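What follows is a set of notes on a single structure, which appears directly below.
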Amino acid sequence: MNKTFPLYLLSFLILLAACKTGRQTTQQPQQTAYSQTPAPLMVYKTRYNYVNLVPIVLSQNKDSILHYPHPQDLKYGNSFRYPVLLEQGYLLDKKGIQPGTAFLRLTYEEYAAFKDLPSQHQLLQMIADTNPFIELYRCKISLDESQRIDTLNAWIRNGQLGQKCSKLK
């Protein structure tokens, strides 16, 4: 056997161990950074009570629909995904509110009963309000749901929603 073979083997094992350690080190920060990024929360107040009405998203000129839910998307398990009622008439979205959102004249229950999706033309004819928001905020909070609601209500009570969140309208 060659006398240099153990030296080559030892060098190879050291390099192999170093590669494995380096790979673990580079993956760790990515997982940590990803897990610390909260999903944005949409908090809003509307001109009228649209809590039970279906939201859709219109194009900027409001003549076409960019996004609309499938009837089953309005449910989570056996419950509808209504917005959470916050203090002073504010709502916490659970369905995808954003700038450009309009509300249909249909309730969640009526919309969920559709067997086939209405056409976009039919949906445009069902719009109740194309400019429903008095205020609209995008917030980032890294807390569980009950703590988020408590925090949002505290910000609302203390007049801090505009300072703690990005005001979109």
*Among the aspartates and glutamates, which have Cα under 12 Å from the Cα of Lys169 when same-chain residues fewer than 8 positions away are ignored?*
Glu135
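When you count, for each residue, the other Cβ atoms within 10 Å and take the mean per peptide, how do 124-135, 41-52 rank with the highest first? Don't skip to the answer; put the middle values down first.
Working: 124-135: 15.4, 41-52: 17.4.
Answer by packing, highest mean first, reads 41-52, 124-135.
In which sequence would Phe114, Phe103, Phe80 go, from the one with the fewest C-beta neighbours within 10 Å to the one with the most? Kindly include the intermediate steps, with their values, before the conclusion.
Values: Phe114 12, Phe103 21, Phe80 16.
Ranking Phe114, Phe103, Phe80 by Cβ neighbours within 10 Å, fewest first, gives Phe114, Phe80, Phe103.
Bear in mind these aren't lab numbers, they're just calculated from the coordinates by the rules spelled out. Keep in mind that this is a model prediction, so the values were computed, not measured. For neighbour counting, all protein chains shown are included, and Cβ atoms are generated from backbone atoms with ideal geometry for every residue, glycine included.
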